[in-house]
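Notes follow the structure.
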Amino acid sequence: MNRQKNLAWTLVTLIALCSAATWFGCTKQSNTRDVIRIPDYYATGVYIPYIADSMGFFKDEGLEAKFTGVIGPGQHIAAVVAGTNDIGGMHVNRTINGIVAGAKIRAVVAESETSKEYPHMEFVVLQNSPLKTPQDILGKKVGLVAYGGCNEYTPYEILKKFGVSEPKGKFTLVLVPPGKEEQTLRAGDVDVVGYHGHPDDVFSRGGVRVLFDDYDVWGTVGGATPIYFSEKFIKQKPDVVRRFVRAYARTLNWVNANRDKAKEVQGRRQKMDPAKITIMNYAKDGIIKEDSVAIWLKTLRAYGEIKKEIKPSDVFTNEFNELAKN
């Protein structure tokens with residue numbers, strides 16, 4: 001009888017232990033987050049993935065950001081195609097050029113969006129510079145942090161607005177290391193330097209002024225910087241993409257509503273004075289606007305960068321953004 005009772009208790013104990021093990025196993029599994037590999041940021045602007053990670057917005061969607069190190073603007077597409085990173089960004093014209101070259105990528109959520117108060121690209125000269133209007137850059141040295149992209153085409157397009165039909169080659173492009181724009185300008189090594197956004201700390205020191213910006217060229221549609229995944233990733237993990245887009249859109253809206261706090265978060269993240277951090281305007285709800293892609297398809301065609309037929313729908317989709325359906 002005692003043996004039977006002992007056996008019964010043993011069975012009950014084993015069942016309880018197995019149930020507990022199963023429960024804890026399920027709990028552990030539910031806490032496992034999908035990893036998104038994201039490049040780090042080298043510049044002094046607010047970086048939306050850092051904010052999303054620091055504020056816990058990725059975590060809320062069951063995602064874990066794994067930052068993989070800094071890469072140059074021209075390497076983002078190659079890294080996504082190779083699978084080194086899961087997402088890429090930079091300006092939409094780089095996304096278009098990558099797709100034209102055969103990269104199987106698709107933009108799924110917007111990021112920065114030009115406004116009059118917060119332009120995407122700003123070209124700055126010294127206060128006492130003889131350059132008074134955009135066409136005065138003809139024959140001058142223009143400092144940029146990278147060739148190609150919005151920073152090169154913005155001065156071309158502003159010259160076109162002032163009647164220069166063939167602006168390429170009409171001024172000298174000078175490559176400036178990121179973070180050295182102000183030093184290069186004040187040293188007189190360039191006549192004008194291009195910034196992403198408005199560098200408040202530079203202007204606080206005085207002696208500089210804005211010559212023109214991308215709002216002067218395209219209004220609100222020229223400064224789009226959507227985030228893309230590879231088509232392979234999108235096909236294999238559509239729910240991960242959907243949750244990423246949800247977290248990203250939430251972050252964009254939060255930053256627009258809490259600009260000073262966002263700069264503080266970024267400052268803590270990069271151990272920088274928040275006053276030195278540049279902030280932009282960000283697309284409401286992360287929705288990619290078709291005209292922000294179409295304007296760059298038109299611009300790149302005008303410069304012979306696009307030889308084949310490509311439509312905005314080949315570049316982006318809002319299908320993973322639930323807010324785009326409201």
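For the chain, the longest principal axis of the alpha carbon atoms and the long axis of helix 290-302 meet at an angle near 50°.
Cα-based values for the chain, radius of gyration first and Dmax second, are 24.5, 106 Å. Axis angle, to the nearest 10 degrees, between helix 2-30 and the longest C-alpha principal axis of the chain: 10 degrees.
Compute, for the chain, the length of the dipole vector about the Cα centre, with Cβ point charges of +1 (Lys, Arg) and -1 (Asp, Glu) only. Units Debye, rounded to 20. Mind dumping the intermediate values first?
Values: 44 positive and 37 negative charges, 202 e Å.
So the dipole magnitude of the chain works out to roughly 980 debye.
For the range 305-315, 3J(HN,Hα) computed residue by residue from phi via the Karplus equation (6.51, -1.76, 1.60; θ = phi - 60°) reads 7, 10, 9, 10, 6, 8, 10, x, 5, 7, 9 Hz, glycine and proline entered as x.
Expressed as a whole percent, the proportion of Cα-Cα pairs in the range 129-190 lying more than 20 Å apart is 24%. For the pairs K66/K235; K284/K325; K237/K261; K59/K261; K66/K289, note any where the Cα-Cα span goes beyond 23 Å. Pairs exceeding 23 Å: K237/K261; K66/K289. Relative to the dominant Cα principal axis of the chain, helix 238-257 is inclined by about 60°. Rounded to the nearest whole Hz, the Karplus-based 3J(HN,Hα) values (6.51 cos²θ - 1.76 cosθ + 1.60, θ = phi - 60°) of the range 112-119 follow the sequence 6, 8, 4, 9, 4, 6, 10, x, with x at glycine and proline.
Annotation: the range 142-275 has a Kirkwood hydrodynamic radius of 17.9 angstrom, from the mean reciprocal C-alpha pair distance.
Among the trypsin sites (Lys or Arg not before Pro) in the range 235-282, which ones are in a DSSP loop with at most 12 other Cβ atoms within 10 Å of the Cβ? Mind listing them? Provide the component values of the computation, followed by the final result.
On the way: sites: K235, R242, R243, R246, R250, R259, K261, K263, R268, R269, K271, K276; in loops: K271.
Counting only loop positions with at most 12 other Cβ atoms within 10 Å, the trypsin sites (Lys or Arg not before Pro) in the range 235-282 are K271.
So which trypsin sites (Lys or Arg not before Pro) in the range 115-157 are both in a DSSP loop and have at most 12 other Cβ atoms within 10 Å of their Cβ? Of the trypsin sites (Lys or Arg not before Pro), the ones in loops of the range 115-157 whose Cβ has at most 12 other Cβ atoms within 10 Å are K116, K132. Exposed loop sites here mean GluC sites (Glu not before Pro) with a DSSP loop assignment and at most 10 other beta-carbon atoms within 10 Å; the chain contains its longest site-free run at 118-308. Karplus-derived 3J(HN,Hα) values for the range 134-140, using 6.51 cos²θ - 1.76 cosθ + 1.60 with θ = phi - 60°, are x, 5, 5, 6, 4, x, 9 Hz; glycine and proline are entered as x. Taking amide hydrogens as placed 1.01 Å from N in the peptide plane, the amide H of F316 sits under 5 Å from those of A107, each at least 5 positions away in sequence or on another chain.
Throughout, read-outs are computed from the coordinates displayed, never taken from laboratory work. Computed from a prediction, not measured in an experiment: that's the story for all the values here. Backbone-built Cβ (ideal geometry, glycine too); neighbour counts: all protein chains shown.
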